[in-house]
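Novice: Here it is, the structure, as structure tokens.
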Amino acid sequence: MYREHTRIVKIGDRVIGGGNPVLIQSMTNTRTEDIEATVTQILRLEQAGCEIVRVTVPTKEAADAVGEIRKRIHIPLVADIHFDYKMAIAAIENGADKIRINPGNIGSRDKVEAVVSAARERNIPIRVGVNSGSLEKELVEKYHGVTAEGIVESALDKVHIIEDLGYDNLVISIKSSDVCMCVKAHETLAEKTDYPLHVGITESGTLYSGNIKSAVGLGIILYQGIGDTIRVSLTGDPVEEIKSAKLLLKTLGLRKGGIEVVSCPTCGRTKIDLIGLANQVETMAAEFPLDIKVAVMGCAVNGPGEAKEADIGIAGGDGEGLLIKRGEIVRKVPEDKLLSTLREELENWGK
């Protein structure tokens, strides 16, 4: 397993690599200079389960805001830098727990060296990030287009620049919006380096398309043992990224805890509003820190059998439903009492 053998890197008070749990990351979409809005969003992300958060630092005002933001949050703060090396240094001086740069767009070697020196002074990691959209012209020509091999070569070239400056407190990130290319790039990179990898499908799209592309791409990558931190990149509220990442990790057996809700797709036998009920159950389940499976089934014919692998479940009937525990029918419940009955059971679970 690749992640069992990657280097251990400390980001604030969190540790990645070396077989440590895969951590969930997101990025704010507020203006970093707006401290109140940024802190408010990060606290929402924390509550949802975010473990590392990244903010963009395009201006001196944003770099200065990093210090105040960091004081008011409880997870490591990563500063995302493009082009201006001075912003990277300012973010480091203001207490960023990690910085994300692409040495290729920072500028001359002396500018990269200045950033590396600032990071070394505080012993904070540098995430070397390369996206398929910014692949160098010479690599595009060498590989006759944007390819997984070109992305990997670009990333390792940037890593070698920093290594040559005597620093190896690094995390690597290579991303593409092409799922198959992204998978191949990670497979190739994992064979060539032992640095921890941050994985994600960049520019994956909206809540619908982005979740599907991320689930496919990240699912393949993570299942192979590749990846130490992840981000499910979605066009929307970043809290949705955390929900998706948690479910993805749990589905792959990389996370435990939290209620897993399973529900049937409904059919002509369904006589209750199962779709609405299932959504309500899923929302309610997020309130309970229980490591159990809850089933929401559409009919009393197959419901008990389909729910037998769940710890608890409800199955709809005609104006009523069944409460089921570990495959056994406990009692009938009026349809309008199914949700409240399930809540009561969860509140008293294990008592």
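Novice: Hand me the trypsin sites (Lys or Arg not before Pro) from the stretch 16-94 located in a DSSP loop with no more than 14 other Cβ atoms within 10 Å, in residue order please.
Specialist: Passing both the DSSP loop test and the Cβ count: ARG72.
Novice: Out of residues 5 or more away from ILE272 or on other chains, whose amide H comes under 5 Å of its own, with H placed 1.01 Å from N in the peptide plane?
Specialist: none
Novice: Considering only DSSP states other than H, G, I, E and B, which trypsin sites (Lys or Arg not before Pro) in the stretch 216-300 qualify as loop sites with at most 12 other Cβ atoms within 10 Å?
Specialist: LYS256
Novice: At 1.4 Å probe size, with no ligands or nucleic acids counted, give the accessible surface of THR40 in Å², nearest ten.
Specialist: So the heavy atoms of THR40 present about 80 Å² to solvent.
Novice: Where the only charges are on Cβ atoms (+1 Lys, Arg; -1 Asp, Glu), what is the dipole of the chain about its Cα centre, to the nearest 20 debye?
Specialist: It works out to roughly 500 debye.
Novice: Further question on the same structure: If you average the alpha carbon positions of the stretch 40-56 and of the stretch 104-178, how far apart do those two centres end up, in angstrom?
Specialist: 26 Å
Novice: Using the Karplus curve 6.51 cos²θ - 1.76 cosθ + 1.60 with θ = phi - 60°, work out ³J(HN,Hα) for each residue of the stretch 137-144 in order, rounded to whole Hz, and write x for Gly and Pro.
Specialist: 4, 5, 6, 4, 5, 4, 9, 6
Novice: Multiply the residue separation of ASN29 and THR59 by 0.36 nm, subtract the distance between their alpha-carbon atoms, and state the gained length in nm to one decimal.
Specialist: Full extension from ASN29 to THR59 adds 9.3 nm.
Novice: May I ask you to evaluate 6.51 cos²θ - 1.76 cosθ + 1.60, the Karplus curve with θ = phi - 60°, for each residue of the stretch 278-289 and list the ³J(HN,Hα) values in order in whole Hz, giving x for glycine and proline?
Specialist: Computed from phi, the couplings for the stretch 278-289 are 4, 5, 5, 5, 4, 5, 5, 4, 5, 7, 10, x Hz.
Novice: How big is the C-alpha Rg of the stretch 16-170 next to the rule-of-thumb value 2.2 N^0.38 Å, as a ratio?
Specialist: My calculation over the Cα atoms of the stretch 16-170 gives 1.07.
Novice: If amide H atoms are built 1.01 Å from N in the plane of the peptide, which residues on other chains or at least 5 residues away come under 5 Å of the amide H of THR235?
Specialist: GLY205, THR206, LEU207
Novice: Where Lys and Arg each count +1 and Asp and Glu each count -1, what net charge lies around GLY107 among other residues with Cβ under 11 Å from its Cβ?
Specialist: Result for the neighbourhood of GLY107: 0.
Novice: Report the relative contact order of the stretch 213-315, percent, no decimals, based on alpha-carbon pairs under 8 angstrom and at least 6 residues apart.
Specialist: Once normalised by length, the contact order is 22 percent.
Novice: Next question. Could you work out which residue, out of HIS198, HIS160, HIS144, moves most in a Gaussian network model of the chain, that is, has the largest mean-square fluctuation with Cα springs under 10 Å?
Specialist: HIS144
Novice: To continue, here is another question. For the Cα atoms of the chain, what angle does the longest principal axis make with the long axis of helix 109-122, in degrees from 0 to 90, nearest 10?
Specialist: 60 degrees
Novice: Using only Cα atoms, what is the ratio of the radius of gyration of the stretch 90-135 to 2.2 N^0.38 Å?
Specialist: 1.16
Novice: Per residue, how much accessible area does the chain have with a 1.4 Å probe, in Å²?
Specialist: Roughly 45 Å² per residue, with all protein chains present.
Novice: Given bins 10 angstrom wide, list per bin the percent of all Cα-Cα distances in the stretch 200-351, short to long.
Specialist: That works out to 11, 35, 29, 21, 4, in percent per bin.
Novice: Using θ = phi - 60° and the Karplus curve 6.51 cos²θ - 1.76 cosθ + 1.60, what whole-Hz ³J(HN,Hα) does each residue of the stretch 310-320 get, with Gly and Pro shown as x?
Specialist: For the stretch 310-320, the Karplus-derived couplings read 8, 6, 8, x, 10, 10, x, x, 10, x, 8 Hz, x marking Gly and Pro.
Novice: In the stretch 103-191, which GluC sites (Glu not before Pro) fall in coil by DSSP and have 16 or fewer other Cβ atoms within 10 Å?
Specialist: GLU136
Novice: Specify the angular offset, from 0 to 90 degrees and rounded to the nearest 10, of the alpha carbon long axis of helix 238-251 from the longest principal axis of the alpha carbons in the chain.
Specialist: It works out to around 70 degrees.
Novice: Taking a temperature of 10 °C and a viscosity of 1.306 mPa s, what whole-number D in µm²/s does Stokes-Einstein yield for the stretch 155-288 with Rh from Kirkwood over alpha carbon pairs?
Specialist: D, rounded to a whole number, is 94 µm²/s.
Novice: Test of understanding: given the chain, find the longest segment containing no chymotrypsin sites (Phe, Trp or Tyr not before Pro) that are in a DSSP loop and have at most 16 other Cβ atoms within 10 Å.
Specialist: My reading of the result: 144-348 is the longest stretch.
Novice: Residue separation times 0.36 nm, minus the C-alpha to C-alpha distance between LYS271 and ALA37: what's the value?
Specialist: 79.8 nm
The values are calculated or read from the model by the stated rules, or taken from the named source; none is laboratory data. Given the structure is predicted, the values throughout are model-derived calculations rather than measurements. Every residue, glycine among them, receives a Cβ derived from its backbone with ideal geometry; neighbour counts consider all protein chains shown. Heads up: the accessible areas ignore ligands, DNA and RNA and are worked out on the full protein's heavy atoms, side chains in. Shrake-Rupley method; radii C 1.70, N 1.55, O 1.52, S 1.80 Å.
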